[in-house]
Amino acid sequence: MAYIEPAPIKDKENPFESMMSRFDTAAQHLGLDESVYNVLKAPVKQVIVNLPVTMDDGTIKVFEGYRVIHSSILGPSKGGIRYDMQVNLDEVKALAAWMTWKCAVVDIPYGGAKGGIRCNPRQMSTGEIERLTRAYTKQLLEIFGPDRDIPAPDMGTGPQEMAWLMDEFSRSVGQTTNAVVTGKPLVLGGSLGRTEATGRGVMVSALAAMEKLKINPYQATCAVQGFGNVGSFAALLLEERGVKIVSISDLSGAYYNENGIDINAAIQYRNNNRGSLEGFGGGERLGNADELLELDVDVLVPAALEDVITIRNVENVKAKLIVEGANGPTSFRADNVINDKGIMVVPDILANAGGVTVSYFEWVQNRLGYKWTAERVNRRSDRIMKDAFDRVYKTSLEFKVPMRIAAYIVAIDKVAKTYKFRGGF
Ligand SMILES: NC(=O)C1=CN([C@@H]2O[C@H](COP(=O)(O)OP(=O)(O)OC[C@H]3O[C@@H](n4cnc5c(N)ncnc54)[C@H](O)[C@@H]3O)[C@@H](O)[C@H]2O)C=CC1
Ligand SMILES: O=C(O)CCC(=O)C(=O)O
């Protein structure tokens, strides 16, 4: 079988390499046959678009956008759109593949995709972001569709961008088509519970893992990197269940309070401060924001970007449990050290799957023309997250592998079996 050799250590990690390394290990455990391996290892479609946008000063700036469909074997492809200066094809390819595995782990009928535009939304006006979003949608009209490829928010995007995307798509097809995108504002057919869903899933999987590790939430400490959609809700919901959040961070820096940070106050501060924790007084500022990753806490929740736990700092990580709110926060070269240190990792494709799960509920509600209560959404997504955790935990015992490889085994097995039954791709 044509497995990829790990590349030599470089200055910069490559998330696609990290994804492939875990995929290869899981494929070997499963004894995946070569033809299926070859089908699953590469994305089915990679689109790069140039997006000319008139800026507020009248100049025209051209942005590069991407949409990668990794697989549609389980159903229409699903995955967020990221606006960030680091967006590049390898990153989007990795994120798209993670969506395939994520949807399979939680057993929802979607394939995997991801999109992104290399831009800095914090330096753009609302009008510029709207024009950029509409230009991206126009270029991808033939890719998107409620039964083809369904985008959602990711880093740097939220309900407003999804609303513009939905509007642009609807105009082009001549009818309101709200099921083309999820993570919409409630008035446009968004689902109750979607905003909190990813952080809520992080909380559910963290509590399930703490139970296995016999960590009492009421005596546990936690540090959360990233205070956007995922990090802030994960922190809030863990705090509500008794966990003391001693440190939080965002682009402005990291903040530490040994008595526990008041997360509601931090959220309010951020909301009134253009989305930033800059100047937050509820904790002392750490000299270097990355110190947060090395704090002596029970639980570490990386909820910002890829490759923050790497071979360079993993020896210093002291947490007993890492729950990956972000996609790809741990590079594959750090895996062995983590395993040797006996740290449990609830991997991204399991821990942050609450978001796509409630996106699925949103799509179902849009197609039914019906709205579920928040109680129904939360009850069903909590059940799905807990069942997925138990499935992965059981597989890790059965195959004697860490939770991350177990999650890939569960996912690849499901996609491979579906592929074999369908055939003919
Ligand atoms: N939004 C969603 O539903 C889902 C998001 N994810 C993943 O979760 C992660 C975060 O996404 P969102 O919360 O949606 O993004 P967001 O844009 O709402 O927030 C990102 C946060 O990370 C912070 N950040 C950026 N660079 C940082 C750094 N170097 N150190 C510390 N903080 C930093 C930002 O300041 C911000 O607080 C991403 O990896 C994303 O792919 C995964 C599943 C679903
Ligand atoms: O909600 C969705 O459809 C996808 C969210 C996403 O991009 C992710 O889970 O990484």
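Do we have residue 78 as outside any loop (DSSP other than H, G, I, E, B) and within 15 Å of ligand 2 (Cβ to nearest atom) here? For residue 78, the condition - outside any loop (DSSP other than H, G, I, E, B) and within 15 Å of ligand 2 (Cβ to nearest atom) - is met.
For region 215-234, enumerate the residues that are β-branched (Val, Ile, Thr) and either free of Cβ contacts under 8 Å to residues at least 40 places away in the same chain or under 14 Å from residue 158 (Cα atoms) (or both). The one that is β-branched (Val, Ile, Thr) and either free of Cβ contacts under 8 Å to residues at least 40 places away in the same chain or under 14 Å from residue 158 (Cα atoms) (or both): 230.
I'd like the residue in region 187-210 that is touching a residue at least 12 places away in the same chain (Cβ under 8 Å), more than 15 Å from ligand 1 (Cβ to nearest atom) and out of contact with any Phe, Trp or Tyr (no Cβ under 9 Å at 6 or more places or on another chain) and, out of all such residues, is nearest to residue 231 (Cα to Cα). Selected residue: 207.
Filtered by the rule that a residue be within 17 Å of residue 116 (Cβ to Cβ) and within 16 Å of ligand 2 (Cβ to nearest atom), region 161-181 gives 161, 162, 165, 181. In the set 239, 284, 291, 278, only one residue is among the acidic types (Asp, Glu) and in contact with a helix residue (DSSP H, G or I) (Cβ under 6 Å, 6 or more places away or on another chain); that residue is 239. Regarding region 257-270, can at least one residue be identified that is surrounded by 14 or more Cβ atoms within 10 Å (Cβ to Cβ), touching a residue at least 24 places away in the same chain (Cβ under 8 Å), over 22 Å from the mean Cα position of the chain (by Cα) and assigned to a strand (DSSP E or B)? So far as region 257-270 goes, no, none of its residues is surrounded by 14 or more Cβ atoms within 10 Å (Cβ to Cβ), touching a residue at least 24 places away in the same chain (Cβ under 8 Å), over 22 Å from the mean Cα position of the chain (by Cα) and assigned to a strand (DSSP E or B). Just to be sure, is residue 267 within 27 Å of residue 350 (Cβ to Cβ) and touching a strand residue (DSSP E or B) at 6+ places or on another chain (Cβ under 6 Å)? Judged against the criteria, residue 267 is not a match.
Taken together, the residues in region 32-50 that are under 20 Å from residue 113 (Cα atoms), of a type outside the set (Gly, Ala, Ser) and either loosely packed, with under 15 Cβ neighbours inside 10 Å or in contact (Cβ under 8 Å) with a residue 60 or more places away in the chain (or both) amount to 9.
Of all the residues in region 402-425, those that are surrounded by 19 or more Cβ atoms within 10 Å (Cβ to Cβ) and in a loop (DSSP other than H, G, I, E, B) number 1. Of the helices (runs of 4 or more DSSP H) lying entirely inside region 305-401, those containing at least 1 residues that are among the polar types (S, T, N, Q) and surrounded by fewer than 24 Cβ atoms within 10 Å (Cβ to Cβ) span 335-340, 354-368, 374-399.
Any read-out appearing in this document is the output of simple, stated calculations on the displayed coordinates, not a laboratory observation. What you see is a predicted model; the values in this text were computed from it and never measured. We place every Cβ from the backbone using ideal geometry, glycine too, and count neighbours over all the protein chains shown.
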